[in-house]
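Please read the structure below before turning to the comments.
The values are calculated or read from the model by the stated rules, or taken from the named source; none is laboratory data. The model shown is predicted, which means the values in this text are computed figures rather than measured ones. Counting neighbours? That spans all protein chains shown, and the Cβs are built from the backbone with ideal geometry, glycine included. Protein only, heavy atoms only, side chains kept; ligands, DNA and RNA dropped before computing areas. Shrake-Rupley method; radii C 1.70, N 1.55, O 1.52, S 1.80 Å.
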Amino acid sequence: MSDPKEEKRTRFVEVAIDVISRYGIRKTTLDDIAKAAGVSTPSIYYYFPNKNELLRAALSSTVNSLLGEIEAVVHSSGPPEAKLIAAWRTVFSSARQSGLLTNLDAMTKSEVLHLTQDLVEEANRRYTVLIRRVLEEGQTKGAFLVKDLEATATVLSVGFLGLLLNTAGNAQFDLIERQIENLGDLIMNGLRKR
């Protein structure tokens, strides 16, 4: 049997993601979210003590969804090179679709990163594990020559996460998203077994 309280909480998170994607984090208020959900603002306070906690829940939900998509890419058929590029493309397209990292000015980005530092660290840890799996597969299949799997996975995951976070909310984000193939080729040239 489902938990009505958890269902309501999940619904508020979904609505928050939608509203934030349209207006941005700074401009979105709990009143906006309540209105979009068809409830009074005090109803939201029953589930979330403040906007920051709702924002954390929205980001956590988005990150978990993203990692699920990347896990599907990692477990899909196809060459490891294609999986790495697909994983990177998934990160950027998911960030765009969620809208949570768009419309961010420098101050808001800094506040959000401070608020969600533990979520970002956990997401990066899980992402690194997934990238390591692809590198291991590439090494097993003779496609990659990687001297230190852990270090390479860490550099690739931290590098792409850093790229995502540093370009979120600015014009470079669009450029980098369009250039994922070229960035992937550049990185692949360093990984490929010769």
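Summary of values
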item	result
Number of the exception - Ser21 against (1) within 30 Å of Ala143 (Cβ to Cβ); (2) in contact with a helix residue (DSSP H, G or I) (Cβ under 7 Å, 6 or more places away or on another chain); (3) among the polar types (S, T, N, Q)	(1)
Any hit, region 101-120, residues being more than 25 Å from Glu14 (Cα to Cα), open to solvent by less than 70 Å² (accessible area, probe 1.4 Å), of a type outside the set (A, V, I, L, M) and touching a residue at least 24 places away in the same chain (Cβ under 8 Å)	no
Complete set of residues in region 6-64 that are buried (at least 17 other Cβ atoms within 10 Å of the Cβ), in a helix (DSSP H, G or I) and aromatic (Phe, Trp, Tyr)	Phe12, Tyr47
Residue count, region 24-49 (criterion: out of contact with any helix residue (DSSP H, G or I) (no Cβ under 8 Å at 6 or more places or on another chain) and within 20 Å of Leu119 (Cα to Cα))	1
Extreme residue, surrounded by the fewest Cβ atoms within 10 Å (Cβ to Cβ), among residues of region 121-143 that are of a type in the set (Val, Ile, Thr) and closer than 15 Å to Phe160 by Cβ	Val129
Identity of the residue in region 70-96, closer than 20 Å to Ile187 by Cβ and charged (D, E, K, R), that ends up most open to solvent (accessible area, probe 1.4 Å)	Arg89
